[in-house]
Amino acid sequence: MTTDTYTKLEPEPTHESKPYWDGLNEGRLLLQKCTGGGKIRHYPRPLCDACHSFDVSWIEASGRGKVHSWTITHHPFHFAYKAELPYTLVTVDLDEGVRMQAQLRAPKDTAIRIGLPVHVTFERVKADLTLPAFASEG
């Protein structure tokens with residue numbers, strides 16, 4: 001759903017995170033991979049925490065993973081999110097070995113549990129902004 005009246009907070013891409021946000025706009029989940037030691041990392045950052053290399057490439061992730069934890073939000077941290085309440089924020093262990101957080105989009109009767117299989121979805125909220133979310137696999 002694209003809207004010109006998007007009133008929620010927007011990310012401000014940095015040099016390190018711009019490829020991540022560009023990938024979402026293309027419908028792809030991109031993760032950083034250290035070209036020195038091969039470690040995959042998320043959130044985007046300039047330095048590999050394993051070998052301290054600044055050399056990085058980007059890989060396309062499968063977008064699949066399992067719920068590690070979740071929280072159900074009943075109070076908005078910003079007025080623009082009030083209409084969405086309550087919403088579920090999940091921390092997901094991606095198949096690539098990193099964790100990522102996003103809102104869960106699942107039927108109301110979904111039994112959320114640790115290990116619930118999910119996959120990333122892409123929600124275009126503005127012409128130049130796509131946000132990730134997760135949908136349950138079953």
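The values are calculated or read from the model by the stated rules, or taken from the named source; none is laboratory data. It should be emphasised that the depicted structure is a prediction, and the values quoted were computed from it without experimental measurement. Using ideal geometry, Cβ is built from the backbone for each residue, glycine included, and neighbour counts are taken over all protein chains shown. All accessible areas refer to the heavy atoms of the entire protein, side chains included, with ligands and DNA or RNA removed. Shrake-Rupley method; radii C 1.70, N 1.55, O 1.52, S 1.80 Å.
Quick look at the numbers
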quantity	calculated
Qualifying residue in segment 120-128 (condition: within 25 Å of Pro13 (Cβ to Cβ), part of a loop (DSSP other than H, G, I, E, B) and either among the hydrophobic types (A, V, I, L, M, F, W, C) or out of contact with any Asp or Glu (no Cβ under 7 Å at 6 or more places or on another chain) (or both))	yes
Qualifying positions in segment 34-58 - open to solvent by 40 Å² or more (accessible area, probe 1.4 Å) and touching a Phe, Trp or Tyr at 6+ places or on another chain (Cβ under 7 Å)	Pro46, Leu47
In segment 60-89, the residues that are touching a residue at least 24 places away in the same chain (Cβ under 8 Å) and surrounded by 14 or more Cβ atoms within 10 Å (Cβ to Cβ)	Ala61, Gly63, Arg64, Gly65, Lys66, Val67, His68, Trp70, Tyr81, Thr88
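For every residue, the table says whether it meets (1) at pLDDT below 95; (2) in contact with a strand residue (DSSP E or B) (Cβ under 7 Å, 6 or more places away or on another chain); (3) in a loop (DSSP other than H, G, I, E, B).
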{"site": "Thr3", "(1), (2), (3)": "yes, yes, yes"}
{"site": "Thr7", "(1), (2), (3)": "yes, no, yes"}
{"site": "Asp22", "(1), (2), (3)": "no, no, no"}
{"site": "Gly37", "(1), (2), (3)": "yes, no, yes"}
{"site": "Pro44", "(1), (2), (3)": "no, yes, yes"}
{"site": "Ser57", "(1), (2), (3)": "no, yes, no"}
{"site": "Pro76", "(1), (2), (3)": "yes, no, yes"}
{"site": "Leu89", "(1), (2), (3)": "no, yes, no"}
